[in-house]
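One structure below.
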Protein chains: 2
Amino acid sequence: MRKLEPALFILFGTTGDLAKKKLFPALYTLFSSGWIHPDTRVLGVGRRDWSDDYFQEVVMTSVRASQPVTGSAITDFLDLFSYFKMDITRDADYDDLWRSVNQMESGLEINGNRLYFLSTAPDLFPKIAQAIGKGQPAKEGAFRRLMIEKPFGHDLASAREFNDHLRRHFEEHEIFRIDHYLGKEMLQNILVLRFANQLFEPAWQKEYIDHIQITVSEDIGIDQRGGYYDRSGALRDMVQSHILQLMALLMMNRPASFDSESIRNEKVEFLKKICLFTEQDVMSSLVLGQYVEGSEGECAYVDEKGVEENSKTETYAALRLWIDCERWQDVPVYIRTGKRMESKQAKITVVYKKQNDAPAGGDVDANMLIIRIQPREGVDLRYNIKKPGTVYDIIPVEMSFCQTCQFPGQSAEAYVKLLIDAWRGDLNLFARWDEIEATWTFIDSIQKQREKTELHTYAAGKNGPAASDSLIEQTGHEWLDI
Amino acid sequence: MRKLEPALFILFGTTGDLAKKKLFPALYTLFSSGWIHPDTRVLGVGRRDWSDDYFQEVVMTSVRASQPVTGSAITDFLDLFSYFKMDITRDADYDDLWRSVNQMESGLEINGNRLYFLSTAPDLFPKIAQAIGKGQPAKEGAFRRLMIEKPFGHDLASAREFNDHLRRHFEEHEIFRIDHYLGKEMLQNILVLRFANQLFEPAWQKEYIDHIQITVSEDIGIDQRGGYYDRSGALRDMVQSHILQLMALLMMNRPASFDSESIRNEKVEFLKKICLFTEQDVMSSLVLGQYVEGSEGECAYVDEKGVEENSKTETYAALRLWIDCERWQDVPVYIRTGKRMESKQAKITVVYKKQNDAPAGGDVDANMLIIRIQPREGVDLRYNIKKPGTVYDIIPVEMSFCQTCQFPGQSAEAYVKLLIDAWRGDLNLFARWDEIEATWTFIDSIQKQREKTELHTYAAGKNGPAASDSLIEQTGHEWLDI
């Protein structure tokens, strides 16, 4: 394995949840697998009055909670971390920061490479980007990369404004917009399944595929994120980002080649072809829901911390989408996603057309390709065989590839993969601005007339509002809980 | 389950091996599963001086050796059987036979339905057919069917002559030419796999498939069949019949509908498109072999009972075939079949083209669809996934459907299925004359110049002559022992 180039990794938002839950553990995984160059350093920036030692203790606690660590490895790892206290909103503090940074770098062979990871509240991003742009322009021969977490705006207008801010100081190829879903093993596997095999792609089109179902359900509620979530909701939080990204990988045309620009070109082409919602669509092809108190005593959404008491934010959304392109004409895509559902699962079910003119006559089941994203990773294939025995009946059987069982513990955490790719400058798993633009355009077409549809309720711990069953039944299908 | 129409089942060749090993057990399976109408009777015809009681004992012993039987069921079953002693070559004996038959029928409600099963030496078939034709013409409103076992001739000329004899007394739709391979579960499954699913057929053509391998190996030798086998050999015994039939099902175009005539029309169309062997092909695309003494003391072919001591009969054949049609242009089909091989197995391996332009770059494995016919029945699918973990490597994985494991004991014996179909008049699993004609035409193109290639030897218990490896390597492939 080639080590990643040495760099200074500057983290804004050091004291936040994401850093503790995902970033520190991911950095340790990189370190213990030998990816990290010995001259690489991590500088945590924050408002709190932490010492380097205290910061290192926080990092250690976070790593230990995620995986087994050995004594000497963790010590060497922690030595890479130091802390810088500052007020991110104060220009003067940045001068101090850059002085400190340049001093750190002077003793290391890191060639001026910089990775900025922004994990603060998003309204601070423009300020930080500006400060970096002014104080630390890109150096000749070095890389300078900005990793940012969603949300990338709240709608198209705010996303555009936000992006314009970033782009004043960073080139598009320097901006790594994280959609951690793209770092999941089975999301990356979609491209491989489709394009490293001859088996599936010839039937990957309207002539053979009847419809597609995408389910992303969570059993948890909104945790400590009430303040953020209540201004977002399922459409912005899940559909605009993860689910539309997943759809693009699943349904885009074959890219001219597999470099990140060609792939992202095709994704954008696809995203632009998702039919925008008309007023009629909002009424007939959308079901929004919000959880109320569950039978096990789970509290109602409006009683969650940080949520307005008369909040109209949706914690569940089901949609029927159509794609305006030759390949997918008249193939509906059904999406459902929600908080506090019966179970945590993410999966794609590609349902082929039934083969009505089959050898034995009569009705045969549809073929299905099920891509399981979580919790179990794998691929299942349902197809038909002759029922063994003397009669000529046709029955469905299933073949499974269970990645979780066959390669236990080998799947990479999304953030590990995302850090490696950003470090290498591989933009494949990061969203380009025009992808963001296309997805907000679609979401806006719903949001601007969402009052045309009612907000249904569902009991926490159940499978969403009953109206979502009617939604899919209208077009002759049903949710497949397999 | 609807019972089969009552009929008189007249068996010529009652005392032979096929009757004992296959027919009596299959008839019992039909009986115990409730297919047999109570007025149905089985009349065994033979030269030996057997009583009805003795015949019933023979039947009972044969059934008991094949499956568990219960006291009362077997008694009721045996009551259906009676025996008629005659010399099949004597015209006068047939008069007695028909008298006896008509007497039997008079007390039963079987409407004159007749199933004649010919299991004698094939040179007696024309005589029997003639006697039936003269003495027992088809009755209005009743069925009259002739089931015959291969060999159907020795080459095209003899097959044609043989067929002409039969056709003087029977219509084509009354002749059920048994290729017991077609009764095997996985052979019937080929049609279902291809045409009751949307998944496979779109890629079932030269653009996606690289080549096809068909292996039918037996670990046994020629048993007691030396006299027959030495005049036949692997090409006639296995390729002309079972393997070309299997290929036709696997590679024919979609039939207009799934009635037996439409299916057989497409099979014939395909069989006619297999490129006949030129002198060059016989030298370069054919390997014949004969087994010599094995390391475990297995005797050489020429030392088997009934075999000429300087016999040049092949007990092994490997061939490279090409099909002259749009769908399969430039897709080679490799066949290998032999006696006294390492293991008993029959399988089809469809090897797809490698996907050279794959997401991670580099070389990826070919997809494979493996149809396992025996001893294990099932379908395996090999395809590529992203190797779990941080790197973007592509690795092959396998999904299996094991029919033998998932439906233990449910696969029907070929003869059970064949008897049911013939009884119902379903010709689907039986070879039509023009199929026989096309396959002999192909085999003749080899036989007429077979002295242009040498007869290789191989040790009994090994995997055939080394020359067969060269045969497949010439065109850039290798035998897949998976």
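Taking a ≥ b ≥ c as the square roots of the eigenvalues of the Cα gyration tensor of segment A:78-159, is the shape rounded (a/c under 1.5), prolate (a/b larger than b/c) or oblate? It is prolate, given that a/c is not under 1.5 and a/b is the larger ratio.
Can you grab the distance from the C-alpha centre of segment A:97-157 to the C-alpha centre of segment B:334-353, Å, no decimals? Centre-to-centre distance over Cα atoms comes out at 62 Å. For chain A, the longest principal axis of the C-alpha atoms and the axis of helix A:91-106 are separated by about 80°. Here r is the Cβ-Cβ distance between residue B:376 and residue A:280 and R0 is 41 Å; the resulting FRET efficiency, rounded to 0.05, is 0.15.
Multiply the residue separation of residue B:173 and residue B:224 by 0.36 nm, subtract the distance between their alpha-carbon atoms, and state the gained length in nm to one decimal. Can you show the working numbers first?
On the way: separation 51, 0.36 × 51 = 18.36 nm, distance 3.32 nm.
Using 0.36 nm per residue and subtracting the Cα-Cα distance, I get 15.0 nm.
Using a probe of 1.4 Å, the accessible surface attributed to residue B:299 totals some 50 Å² when neighbouring protein chains are kept in position. How far, in degrees from 0 to 90, does helix A:52-66 lean away from the longest principal axis of the Cα atoms of chain A, to the nearest 10? The angle comes out near 20 degrees. How large is log10 I(q)/I(0) at q = 0.08, 0.12, 0.13 Å⁻¹ when the Debye formula is applied to the Cα atoms of chain B, each weighted equally and without solvent? Debye intensities relative to I(0), on a log10 scale: -0.53, -1.15, -1.32.
Peptide A:248-257: average number of partner chain Cβ atoms within 10 Å per residue? Can you show the working numbers first?
On the way: counts 0, 0, 0, 0, 0, 0, 1, 2, 1, 3.
For peptide A:248-257, the averaged partner shielding equals 1.
Shortest first, residue A:3 label-point distances to identical copies amount to 8.6 nm, with the label point at 7 Å from Cα along Cα→Cβ. For chain B, B:275, B:299, B:325 have no disulfide-compatible partner, since no other Cys C-beta lies under 4.7 Å from theirs. The protein assembly as shown gives an Rg/Rh value of 1.10, both radii derived from C-alpha positions and Rh following Kirkwood.
Other protein chain C-beta atoms within 10 Å of residue C-beta, averaged over A:408-418: 2.
Model label points for residue B:102 and residue B:450, set 7 angstrom from Cα along the Cα-to-Cβ axis, are 4.7 nm apart. Label points for residue A:294 are taken 7 Å from Cα along Cα→Cβ. From this copy to the others they lie 6.3 nm apart, shortest first. For segment B:335-467, the percent of C-alpha pairs falling in each 5 Å distance bin, counted from 0 to the bin holding the largest distance, reads 2, 7, 9, 10, 13, 16, 14, 12, 8, 5, 2, 1, 0.
Compute the FRET efficiency between residue B:457 and residue B:91 as 1/(1 + (r/R0)^6), taking r as their Cβ-Cβ distance and R0 = 35 Å, and round to the nearest 0.05.
Values: r = 48 Å, r/R0 = 1.38.
Computed FRET efficiency for residue B:457 and residue B:91 comes out at 0.15.
Cα-based radius of gyration for segment A:267-404, normalised by 2.2 N^0.38 Å, reads 1.42.
Across the copies of the chain, residue A:205 has label points (7 Å from Cα along Cα→Cβ) spaced 1.0 nm apart, shortest distance listed first.
By a 1.4 Å probe calculation restricted to protein chains, residue B:456 has an accessible surface near 40 Å², given to the nearest 10.
Please compute the contact order of segment A:160-251 in relative form: average sequence separation of alpha-carbon pairs under 8 Å and at least six residues apart, divided by the residue count, as a percent.
Working: 23 pairs, mean separation 38.3, N = 92.
Normalised by residue count, the contact order of segment A:160-251 is 42 percent.
With a 1.4 Å probe and all protein chains left in place, how much accessible area per residue does segment A:214-308 have, in Å²? Write out the running numbers ahead of the final one.
Details: 3640 Å² over 95 residues.
Here the per-residue accessible area is 38 Å².
Ratio of Rg to Rh for segment A:1-119: 0.95 [Cα atoms; Kirkwood radius as inverse mean 1/r over pairs].
Of all DSSP beta bridges in the protein assembly as shown, what percent run antiparallel (nearest 5)?
Values: 82 of 152 bridges.
Around 55 percent antiparallel, to the nearest 5.
Of the options B:212, B:229, B:255, report the single residue whose Cα projects farthest towards the positive end of the charge dipole of segment B:190-265 (beta-carbon charges: Lys, Arg +1; Asp, Glu -1). Of B:212, B:229, B:255, it is B:255.
Assuming R0 = 56 Å, what is the FRET efficiency of residue A:344 and residue B:424, from their Cβ-Cβ distance, to the nearest 0.05? Don't jump to the answer; show the numbers that get you there.
On the way: r = 52 Å, r/R0 = 0.93.
E between residue A:344 and residue B:424, to the nearest 0.05, is 0.60.
Shielding value for A:197-210 is 6, the average number of Cβ atoms from other chains within 10 Å of each residue's Cβ. Figure legend: label point modelled 7 angstrom from the Cα of residue A:165 along Cα→Cβ; residues of segment A:88-131 with amide N under 20 Å from it are A:88-95, A:116-131.
Taking all protein chains as present, what is the carbon and sulfur share of the accessible area of the protein assembly as shown, in % to the nearest whole number, probe 1.4 Å?
Details: 17240 of 37640 Å².
So the carbon and sulfur contribution to the accessible surface is 46 percent.
Accessible surface buried by the B/A pair amounts to about 5200 Å², both sides summed, 1.4 Å probe.
The Rg/Rh ratio of segment B:99-211, with Rg taken over Cα atoms and Rh as the Kirkwood radius over Cα pairs, comes to 1.14.
Using packing as a proxy for protection, rank B:322-335, B:100-113, A:4-17 so that the peptide with the highest average count of other Cβ atoms within 10 Å comes first.
Per-residue mean Cβ counts within 10 Å order the peptides as A:4-17, B:322-335, B:100-113.
The values are calculated or read from the model by the stated rules, or taken from the named source; none is laboratory data. It should be emphasised that the depicted structure is a prediction, and the values quoted were computed from it without experimental measurement. Because the Cβ atoms are built from the backbone with ideal geometry, glycine has one as well, and the counts that use them run over all protein chains shown. Surface accessibility is based on the protein's heavy atoms, side chains included, excluding ligands, DNA and RNA. Shrake-Rupley method; radii C 1.70, N 1.55, O 1.52, S 1.80 Å.
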